Amino acid sequence: EVGGGLENYKKVTGLSLKGTITIPGGHQDFVMDYEAAYVFPNKRRNVINAMGQMAYDIVNGDIGWKTVESGAVEPMTDEDLTEAAGEMARNTVLIFQQLDNPSYKAVYDCPDLIDGIAIEYVALTDSEGNAMCRLGIGKEDGRLVCKAYHGMTIFGPGRIEEIYSNETDFGGIMLPQDIKRIVSGRDFGTIHISEVVLNPELGPEMLEKPQ
């Protein structure tokens, strides 16, 4: 059974998060403030504040906006929106909500060892047979230890691994407060989540292009 119980996950229509992203540096780590809000199944607003420079990633159904390298906020391409849809489908809350009637197929993959923890990988594919992600489940306690998938990174398409720790009860569901990210084999820092709100109100203005 998932941490918190299936019925508690089914009550979740969205969530908002606040925290920090820490990127390792040569002499000093780089810390950025991070806020995210999701309304399932296809709306989200991610904002990163890097020393006063705001980076946006906003999806509202079949339209979206993102901050590009120049700092401008531009409409998402079809490719961006397809990638965003895949990311939303991989959201672990959405995955757990469907355990009793999944839209995806789950099959046993292989055992592994992650940060000294013995796990069993389960591979998920969507209704069309496309790979979604692999979930690493702890052999001893059954908790979600990690998730691995292929997606877009700052280095281009690559393998992304998320390793979860410090699970905490937020409104009846268990979520990790610390997420270590490995991108294409490189340490890409950690996300620390300090605040979680379930089923937040997300006004229309929050899903529009930032001014």
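Applying the selection to the stretch 31-40, what residues are within 15 Å of Gly52 (Cβ to Cβ) and free of Cβ contacts under 8 Å to residues at least 24 places away in the same chain?
Answer for the stretch 31-40, where residues must be within 15 Å of Gly52 (Cβ to Cβ) and free of Cβ contacts under 8 Å to residues at least 24 places away in the same chain: Val31, Met32, Asp33, Glu35.
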Query raised in the report: For the stretch 136-162, how many residues are in contact with a Ser or Thr (Cβ under 9 Å, 6 or more places away or on another chain) and touching a residue at least 40 places away in the same chain (Cβ under 8 Å)?
Result: 2
Query raised in the report: Can you tell me which of Pro204, Pro176 is free of Cβ contacts under 8 Å to residues at least 40 places away in the same chain, open to solvent by 50 Å² or more (accessible area, probe 1.4 Å) and not aromatic (Phe, Trp, Tyr)?
Result: Pro204
Requested in this report: For the stretch 21-94, please list each of the strands (runs of 3 or more DSSP E) lying entirely inside it that holds at least 2 residues being within 18 Å of the chain's Cα centre (by Cα).
Outcome: 30-39, 43-50, 53-60, 63-67
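So is Thr190 surrounded by fewer than 17 Cβ atoms within 10 Å (Cβ to Cβ) and on the phi < 0 side of the Ramachandran plot or not?
On the way: surrounded by fewer than 17 Cβ atoms within 10 Å (Cβ to Cβ): no; on the phi < 0 side of the Ramachandran plot: yes.
No: the conditions fail for Thr190.
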Report summary line: Looking across the stretch 99-109 at residues that are over 20 Å from Pro176 (Cβ atoms) and outside any strand (DSSP E or B), the single one that is least open to solvent (accessible area, probe 1.4 Å) is Tyr104
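The values are calculated or read from the model by the stated rules, or taken from the named source; none is laboratory data. Given the structure is predicted, the values throughout are model-derived calculations rather than measurements. Cβ sites come from the backbone with ideal geometry, for glycine too, and all protein chains shown count toward neighbours. Heavy atoms of the whole protein, side chains included, go into the accessibility calculation; ligands, DNA and RNA do not. Shrake-Rupley method; radii C 1.70, N 1.55, O 1.52, S 1.80 Å.
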